[in-house]
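Reading through the structure tokens given below for one structure.
The values are calculated or read from the model by the stated rules, or taken from the named source; none is laboratory data. It should be emphasised that the depicted structure is a prediction, and the values quoted were computed from it without experimental measurement. Positions of Cβ are backbone-derived with ideal geometry, glycine not excepted, and every protein chain shown enters the neighbour counts. Keep in mind that these areas ignore ligands, DNA and RNA; they rest on the heavy atoms of the full protein, side chains included. Shrake-Rupley method; radii C 1.70, N 1.55, O 1.52, S 1.80 Å.
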Amino acid sequence: MKTTRDFDLNYRPASYWGHDDPVAAILSGIKGEARRLMVKEALQAGKDVSEWLLDPLLDEGPRRFIGGIHPFFMGGEYLPSDLPGETTIARIALRSTTADVIEVRVRPGGPGLLYRIVDEYETEFVMPFDRSKQPLSLGELVKLINESEGLRQERGLVSCEVEACACPGGRFRPTNEEWLESVRGFVTVTSEIYPDLQSYYEAFVEEWLSEQGLLDGPAGPES
């Protein structure tokens, strides 16, 4: 498996607007995580997609309906609407009960670009920077994700969530393969613009597990 050192952190997209992949263009506007996955699977299989699945954000009635099926279907549906000209460049989806989603967004601002991070709880995120003159390199986007903090994310948007999954109450659960897979799959980081972002964070989580000594055998409880 690749390590985080194996990725081209200098990769920089030419623009954040306009997608060569038509599926990516469609997915970029859908906020609901479950709907995104359903639409992606249908499009890749060449199937028709119901029009309501393509709505950027659902109205309250449909949101309540799908939430009544399972809370998982509400994930991403309560994200704030895009500001004028704004687009999402990275998405952090949690395999929590309500499938919480965090987005990194960008919009034109003066001579450059302005960034903000949003979730479904109106969290005020503290970011290491919030603007750039040109699109971010992969390494700069990783820095933004890893050094931003929210109310729950005191050690970065990904590592803090992985740690919370692995160490509820400050204690590691007994290590086994099923447990490891649950930790590996708890956070998914994706981007329609940075194709290596998901693989980068899969390697990131694997390195975190190794650093904690969780891949070498059973871990004892920690306080």
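Computed values, structure above
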{"read-out": "Within region 123-152, tally of residues that are of a type in the set (S, T, N, Q), free of Cβ contacts under 8 Å to residues at least 24 places away in the same chain and not in a helix (DSSP H, G or I)", "value": "1"}
{"read-out": "Conditions (1) part of a strand (DSSP E or B); (2) open to solvent by less than 20 Å² (accessible area, probe 1.4 Å); number of the one not met by Ala99", "value": "(1)"}
{"read-out": "Matching entry among Gly156, Gly169, Gly139 (being at pLDDT below 95 and open to solvent by 10 Å² or more (accessible area, probe 1.4 Å))", "value": "Gly169"}
{"read-out": "Residue list for region 203-216, restricted to those being part of a helix (DSSP H, G or I) and not acidic (Asp, Glu)", "value": "Ala203, Phe204, Val205, Trp208, Leu209, Ser210"}
{"read-out": "Residues (under 18 Å from the mean Cα position of the chain (by Cα), part of a loop (DSSP other than H, G, I, E, B) and of a type in the set (Gly, Ala, Ser)) located in region 20-54", "value": "Ser28, Gly29, Gly32"}
{"read-out": "Residue in region 62-82 that is among the small types (Gly, Ala, Ser) and farther than 20 Å from Arg105 by Cβ present", "value": "yes"}
{"read-out": "Single condition Thr4 does not satisfy, out of (1) more than 18 Å from Ile193 (Cβ to Cβ); (2) more than 19 Å from the chain's Cα centre (by Cα); (3) modelled with pLDDT of 95 or more", "value": "(2)"}
{"read-out": "Enumeration of residues in region 186-202 that are in contact with a helix residue (DSSP H, G or I) (Cβ under 6 Å, 6 or more places away or on another chain) and in a loop (DSSP other than H, G, I, E, B)", "value": "Phe186, Ser191, Glu192, Tyr194"}
{"read-out": "In region 110-121, the residues that are of a type outside the set (A, V, I, L, M, F, W, C), open to solvent by 20 Å² or more (accessible area, probe 1.4 Å) and in a strand (DSSP E or B)", "value": "Arg116"}
{"read-out": "Among the candidates Gly68, Gly76, Gly18, residue that is open to solvent by less than 90 Å² (accessible area, probe 1.4 Å) and closer than 22 Å to Glu124 by Cβ", "value": "Gly76"}
